[in-house]
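The values are calculated or read from the model by the stated rules, or taken from the named source; none is laboratory data. This structure is a prediction, so every number in the text was calculated from the model and none was measured. When we count neighbours, we look across all protein chains shown, and the Cβ atoms used for this are built from the backbone with ideal geometry, even at glycine. Ligands, DNA and RNA are stripped out before the accessible areas are found, and what is left, the full protein with its side chains, is counted by its heavy atoms. Shrake-Rupley method; radii C 1.70, N 1.55, O 1.52, S 1.80 Å.
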Amino acid sequence: MSRGDGDAGDDRGGDAGDRGSLMARPGPDGRFGEFGGRFVPESLMPACLELEKWFDDAWSDPAFRSELDGLLRHYGGRPTPVTECRRLSERLRIRLLLKREDLAHTGSHKLNNVVGQALLTKRMGKTRMIAETGAGQHGVASATAAALFGLECTVFMGEVDTKRQELNVFRMELLGAEVRSVISGSRTLKDAVNEAMREWVACVETTHYCLGSVMGPHPFPYMVRQLQSVVGAEARAQCRERLAGSDPDVVVACVGGGSNAAGTFAGFVDTPARLIGVEAAGGAAVTNGVPGVLHGMYSRLLQDEVGQIEEAQSISAGLDYPGLGPEHAHLASIGRAEYSSATDDEVLDAFRLLSRTEGIIPALESAHALAWVARNAGTAALPHGSTVLVTLSGRGDKDVAQVREILAGRRDG
Amino acid sequence: MADLEKELRARRERGRKLLIPYLMGGMSDDWGKALEAVIAAGADAVEVGVPFSDPMMDGPVVQEAGLRALERGTTPDEVLDGVARAETPVPVAVMTYYNLIFRAGHKRIARKMASAGVGAAILPDLPIEEIGPWAAEADAAGVATVLLVAPSSPPERVARICDRARGFVYAVARMGVTGERADLGSDAAAVVGRIRDCTDMPVCVGVGVSTPEQAAEVCAVADGVVVGSALVRRLLEGGGPEAAAAFVGSLRRAIDEV
Ligand SMILES: Cc1ncc(COP(=O)(O)O)c(C=O)c1O
């Protein structure tokens with residue numbers, strides 16, 4: 001390990017995960033309990049199997065790890081701080097800490113994953129990355145890492161999302177990526193994944209599919225969780241420092257595919273902390289989904305009675321996804337993590353609440369986690385006096401125009 | 001219900017190249033008529049698509065056909081009922097995605113296929129690693145699970161796939177999704193060769209084969225050919241059963257000359 005300064009240091013949650021942890025490495029079939037697997041066309045199977053080998057090899061290679069750590073530190077701005085929210089804590093009568101992924105380069109946790117996958121792309125001798133994106137944050141992060149490593153980059157984004165996240169489209173183009181607007185299906189994140197998979201089948205020899213969350217076929221859910229586990233590992237050490245050696249009572253993160261939550265949970269799964277994942281009310285795959293297969297994984301999905309996938313509905317493009325990563329489906333089924341949801345209205349309230357009380361404008365995705373805290377503070381789910389860590393997965397700059405429009409529409413309407 | 005492998009082997013023994021057109025179940029009111037028309041025009045078996053919301057292996061033409069079918073409210077059971085109602089003197093295989101099978105229940109849908117006269121299923125997102133629970137029920141119901149071999153499949157996988165395949169082995173002509181292409185690409189012959197090294201089951205090539213000339217080219221090395229998007233496009237354009245039959249007839253003539 002290269003990080004020798006003790007600041008959230010060498011204690012990487014991802015590796016703790018391999019020793020009898022509740023977030024262990026999945027078996028050779030890529031299953032977390034019953035969930036996961038590899039449901040991909042034969043054309044892609046060899047690539048998935050090879051990727052697993054490449055990642056295992058890289059992850060156990062100290063040179064790879066130290067290069068990754070160095071990049072996250074000197075390029076990505078890690079470790080990100082944990083901020084104590086004084087005014088909001090007072091108002092909610094809890095002790096609220098934020099893990100500040102909004103302060104990482106490109107404005108969200110997404111960079112942790114893409115820097116790792118870009119390094120892996122180079123290691124595999126591939127010259128191009130493709131990615132899907134919803135809010136645009138993973139697309140921006142992918143375009144950024146591609147620029148940094150001199151890789152070609154194509155980002156697939158649903159047409160609905162290219163419209164509501166126009167600025168991020170331009171950002172990706174500035175970074176040298178090609179953005180392809182996806183006009184199939186519901187024209188949101190799920191369709192962007194379909195299109196990226198289709199492209200991957202055609203170009204797999206030269207191209208790595210840099211999936212943006214803990215979803216898809218094995219090894220992606222595991223690999224992305226490991227790459228994001230830096231969030232949880234840092235946060236655990238930072239919390240212990242702040243909380244006189246103890247862990248928070250409750251750890252909360254928003255869940256789209258579930259990568260910021262998985263990375264966070266990896267750091268706390270073996271502590272007594274309660275783990276809460278918060279989905280969008282219109283994309284609540286744990287609450288309203290049933291088991292099924294989509295995008296290469298067996299997980300919980302919103303679908304109708306014959307198995308057609310339903311469209312998610314959310315104010316936040318990044319949570320507009322009808323499924324979630326298989327490890328979350330597993331953690332829900334064994335009861336180690338709890339999953340709840342927040343409505344668009346609650347999210348808008350939380351978005352403004354954090355802005356006004358703490359001077360931090362959160363991403364709409366991250367505001368889901370805050371909305372859960374605001375709704376539950378003082379109830380049995382979150383008694384007064386609790387210590388709560390929320391992963392603030394991203395900053396809200398990208399959402400300001402959209403929120404302004406919504407609020408203006410409400411005033412006029 | 002015709003046994004797909006037996007039927008295809010018998011035709012191959014008579015020196016006939018195998019023609020397997022694909023069309024999307026439920027894509028129009030008269031899709032059952034189109035199914036009958038392509039059989040009359042010389043199909044040796046037919047693939048019927050069951051529309052799925054997220055067809056990962058399909059290009060724009062089959063996507064559009066699936067969307068139309070879903071917009072018409074088509075369900076998997078309705079497609080199977082449609083096959084049962086149609087006059088199908090040759091074997092019918094369904095092609096769809098695994099979630100619809102999983103959701104319906106392996107046993108229920110396998111039996112429903114069998115009773116509708118569907119002799120085989122092609123599930124492109126169900127690789128051999130994951131096939132177990134479905135294949136057990138399919139075998140029990142007498143439904144053949146056709147498996148795909150891709151240009152990227154290494155020899156040891158090809159052997160395992162051929163070992164588990166039923167009906168015929170589907171050789172994927174190129175890396176990519178379904179859709180018409182100007183040229184055949186250079187992979188098909190090698191894929192067929194790798195399959196031949198492992199099995200004497202019938203081998204049919206599909207994905208991207210678009211014209212009578214390409215079908216003939218493929219049949220010079222393979223036992224048969226699957227043609228999807230080129231046929232589906234003609235149906236999407238409103239050509240109806242007549243245009244479908246005319247196109248399949250032209251494919252038939254081309255491969256009969258091989
Ligand atoms: C800021 C932010 N948070 C969360 C998410 C959701 O992704 P995940 O659930 O993988 O963390 C996104 C996705 O775009 C995002 O941009």
> Leaving out ligands, DNA and RNA but keeping every protein chain, what accessible area does A:Phe268 have, in Å² rounded to the nearest 10, with a 1.4 Å probe?
Replying inline: 0
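Computed on protein heavy atoms with a 1.4 Å probe, what is the summed buried accessible area for the chain pair A and B, in Å² to the nearest 100? List each step's numbers first, then the result.
Numbers: alone 14900 and 10450 Å², together 22580 Å².
Between A and B, the summed buried area is about 2800 Å².
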> Using 1/(1 + (r/R0)^6) with R0 = 45 angstrom and r between the beta carbons of B:Asp30 and A:Leu243, what's the FRET efficiency to the nearest 0.05?
Replying inline: 0.05
> Which whole-Hz couplings ³J(HN,Hα) result when phi for each residue of segment A:39-45 is put into the Karplus expression 6.51 cos²θ - 1.76 cosθ + 1.60, θ = phi - 60°, listed in order with x for Gly and Pro?
Replying inline: 10, 10, x, 3, 3, 9, 4
>> Classify chain B from the C-alpha gyration tensor, please: rounded if a/c falls under 1.5, else prolate or oblate depending on whether a/b exceeds b/c.
In response: rounded
> Label points 7 Å out from Cα along the Cβ direction at A:Asp397 and A:Asp304: separation in nm?
Replying inline: 4.2
> Which of the lysines could a cross-linker span from B:Lys112 if the Cα-Cα distance has to be under 26 Å and same-chain partners fewer than 8 positions apart are dropped?
Replying inline: B:Lys6, B:Lys33
>> Compute accessible area for segment A:17-54 by itself and then with all protein chains, 1.4 Å probe, and report residues whose area falls by 20 Å² or more.
In response: A:Arg38, A:Phe39, A:Val40, A:Pro41, A:Glu42, A:Ser43, A:Met45, A:Pro46, A:Leu49
>> Quick query: amide H of B:Val94 versus all other amide H atoms, modeled in the peptide plane; which residues come in under 5 Å with a sequence gap of 5 or more or a different chain?
In response: B:Val48, B:Ala120, B:Ala121, B:Ile122
>> To make sure I understand the rule: partners must be lysines, Cα under 16 Å from the Cα of A:Lys122, and not fewer than 8 residues away in the same chain. Which ones qualify?
In response: A:Lys53
>> List residues of segment A:217-235, by number, whose backbone nitrogen lies under 19 Å from a label position 7 Å along Cα→C-beta of A:Asp61.
In response: A:219-220, A:223-224, A:226-228
> How much accessible surface does A:Leu174 have with a 1.4 Å probe, in Å² rounded to 10?
Replying inline: 130
> In straight Cα distance, which lysines are under 26 Å from A:Lys190, not counting same-chain residues fewer than 8 positions off?
Replying inline: A:Lys110, A:Lys126, A:Lys163, A:Lys398
>> Tell me whether the protein assembly as shown comes out rounded, prolate or oblate; compute the Cα gyration tensor, take square roots of the eigenvalues as a ≥ b ≥ c, and use a/c under 1.5 as the rounded threshold.
In response: prolate
> Which ³J(HN,Hα) values, rounded to whole Hz and listed in residue order, are derived for segment A:304-316 from phi using the Karplus coefficients 6.51, -1.76 and 1.60 in 6.51 cos²θ - 1.76 cosθ + 1.60 with θ = phi - 60°, glycine and proline given as x?
Replying inline: 8, 5, 9, x, 6, 6, 8, 7, 7, 9, 8, 5, 9
> Put +1 on the Cβ of every Lys and Arg and -1 on every Asp and Glu Cβ in segment B:4-256; which of B:Pro89, B:Ser186, B:Leu251 then has its Cα farthest towards the positive end of the dipole?
Replying inline: B:Pro89
> Can you give the helix-only mean residue ellipticity at 222 nm for chain A, where every DSSP H stretch with n ≥ 4 adds -39500 (n - 2.57) and the sum goes over all residues, rounded to the nearest 500 deg cm²/dmol?
Replying inline: -13500 deg cm²/dmol
> Which residue, chosen from B:Ile101, B:Val48, B:Ala136, occupies the Cα position most advanced towards the positive end of the dipole of segment B:4-256, where the dipole is computed from +1 (Lys, Arg) and -1 (Asp, Glu) charges on Cβ about the Cα centre?
Replying inline: B:Ala136
> How high is the relative contact order of segment B:4-256, given as a whole-number percent (alpha carbon pairs under 8 Å, six or more residues apart)?
Replying inline: 24
> Between B:Ser115 and A:Glu159, what is the label-to-label distance in nm when each label sits 7 Å out along the Cα-to-Cβ direction?
Replying inline: 4.2
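Counting only protein chains, not ligands or nucleic acids, how are A:Ile406, A:Ile361, B:Ile20 ordered by accessible area (probe 1.4 Å), most first? Walk me through the numbers before you get to the answer.
Working: A:Ile406 45, A:Ile361 75, B:Ile20 0 Å².
The most accessible residue leads, giving A:Ile361, A:Ile406, B:Ile20.
Estimate the FRET efficiency between A:Arg73 and A:Arg356 by the formula 1/(1 + (r/R0)^6), using the beta-carbon distance for r and 35 Å for R0, to the nearest 0.05. Don't skip to the answer; put the middle values down first.
On the way: r = 32 Å, r/R0 = 0.93.
Step by step, r from the Cβ atoms, then E = 0.60.
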> So what is the calculated 222 nm ellipticity per residue for chain B, using -39500 (n - 2.57) for each DSSP H run with n of 4 or more, over all residues, to the nearest 500 deg cm²/dmol?
Replying inline: -14000 deg cm²/dmol
>> Counting only protein heavy atoms and a 1.4 Å probe, tell me what percentage of chain A's accessible area is made up of carbon and sulfur.
In response: 49
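Heavy-atom accessible area per residue, chain B, 1.4 Å probe: how many Å²? Display every interim value, and only then the final one.
Working: 9050 Å² over 258 residues.
That works out to 35 Å² per residue.
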>> At 7 Å along Cα-to-Cβ for each site, give me the label-to-label distance between A:Arg86 and B:Ala136 in nm.
In response: 6.3
>> If amide hydrogens are placed 1.01 Å from N in the peptide plane, which non-local residues have theirs closer than 5 Å to the one on B:Asp54?
In response: A:Ile309
>> With the cut-off at 1.5 for a/c, could you classify segment B:60-157 from its C-alpha gyration tensor as rounded, prolate or oblate?
In response: oblate
